[in-house]
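Throughout, read-outs are computed from the coordinates displayed, never taken from laboratory work. Not measured: the values here are computed from a predicted model. Ideal geometry is used to build each Cβ from the backbone, glycine not excepted, and the neighbour counts take in all protein chains shown.
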Amino acid sequence: MSSCCTPDGSCSTGAGEATTATAVADSTATVYAVSGMTCGHCKTAITTSVSALDGVISVDVDVAGGLVTVTTGGAPDDAAIAAAVDDAGYELTGRA
């Protein structure tokens with residue numbers, strides 16, 4: 001079971017299907033290759049940095065595969081995403 005927003009488990013994060021369906025309707029998922037990721041801290045740092053960008057709906061980090069999937073509302077801003085990854089201390093090496 002994934003962690004929840006509140007200790008008593010009363011948040012609505014379990015409604016992922018409805019949220020995903022809404023997000024996917026007007027969004028673009030782009031997969032980037034990122035070097036230097038080795039652990040959960042890496043995942044958190046990249047997720048936090050890239051999620052702060054305007055237009056970013058979600059970020060999924062695959063540390064083992066060296067991939068970061070960024071879902072945006074429209075076309076992604078590759079330069080801004082690369083800068084956010086760089087700010088987190090990693091290198092975006094291109095689209096996967």
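What to note about this one:
- Label separation (Thr69 vs Thr28): 1.7 nm, computed from points 7 Å beyond Cα along the C-beta direction.
- Length gained when the stretch Thr44-Ala79 is fully extended (0.36 nm per residue, less Cα-Cα span): 10.6 nm
- Net charge contributed by nearby residues that have their C-beta within less than 13 Å of Leu92 (K/R +1, D/E -1): -4
- Remark on Tyr32: its backbone amide H falls under 5 Å from those of Val68, Thr69, Val70, Ala96, a criterion applied only to residues 5 or more positions apart or on other chains, H modelled at 1.01 Å from N.
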